[in-house]
Structures are given as C-alpha cells and as structure tokens.
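Everything below concerns the one structure shown next.
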Amino acid sequence: MVEITEVRIYKSKGEGAVKAYASVSLDGEFVVKGLKVLENENGLWVSMPSRKAKDGSYQDIFHPTSREARDKIVNAVLDAYRKA
C-alpha cells in the first residue's frame, strides 16, 4: 500500500459545510488535490475529489479501491485538519 507522505490543509473562509480543502501526497510521487473536509450533524467527514456529470450527479475522479486505503487517507486528512 502507498504511504501518505504529506497532507496540506487549506481552511475555508466561509461558514458553510466545507471546513477545508486538502491535498495528499502519495509516496512522494503523486499529489491528489480537491479533497474536502465537511461537517454535518454527524461530525467531520472527507469527500474525495469529484466532478459534476451532465445528469447533475457527482462522480469521484479519484477514490481508493479498498476500505483500508480510504480509511488511511480519511484519517490522515482529518488528523492534519485538527492540527491546523
């Protein structure tokens, strides 16, 4: 499994559900931008980068293929957000 070598947090200036944007470096070789830290009544969660399709739905443009990989990315982003 790849290692997360860096997480950058960019706090949102607004008061909405989006609390921050994040980028994640994988193995020091790849960077994934456009992750979002959001908050709702259930707490904080991380949205993967996505784009809006012609039918109005959203499709992830990057996503982990296993639960373990998703948890690793989500936990790294939330930890960095809490420290920022």
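The values are calculated or read from the model by the stated rules, or taken from the named source; none is laboratory data. Nothing here was measured: the structure is a model prediction, and the numbers come from that model. Don't worry about glycine lacking a Cβ; one is built from the backbone with ideal geometry, like all the others, and counts go over all protein chains shown. Quick note on the areas: whole protein, heavy atoms, side chains included, nothing else; ligands and nucleic acids left out. Shrake-Rupley method; radii C 1.70, N 1.55, O 1.52, S 1.80 Å.
For K13, the conditions (1) touching a residue at least 60 places away in the same chain (Cβ under 8 Å); (2) part of a loop (DSSP other than H, G, I, E, B) all hold with the exception of (1).
Taking every residue in region 55-84 that is open to solvent by 40 Å² or more (accessible area, probe 1.4 Å) and pairing it with any residue that is of a type in the set (S, T, Y), at least 6 positions away or on another chain, the pairs with Cβ-Cβ distances below 8 Å are Y58/S50; Q59/S50; D60/S50; I61/S50. If I filter region 31-53 for residues that are within 11 Å of the chain's Cα centre (by Cα) and among the aromatic types (F, W, Y), do I get at least one hit? Yes, region 31-53 contains at least one residue that is within 11 Å of the chain's Cα centre (by Cα) and among the aromatic types (F, W, Y). Considering (1) at negative phi; (2) open to solvent by 60 Å² or more (accessible area, probe 1.4 Å), the lone condition that D27 does not fulfil carries the number (1). Residues in region 32-46 that are free of Cβ contacts under 8 Å to residues at least 12 places away in the same chain and either under 16 Å from Y81 (Cα atoms) or in a strand (DSSP E or B) (or both): G43 only.
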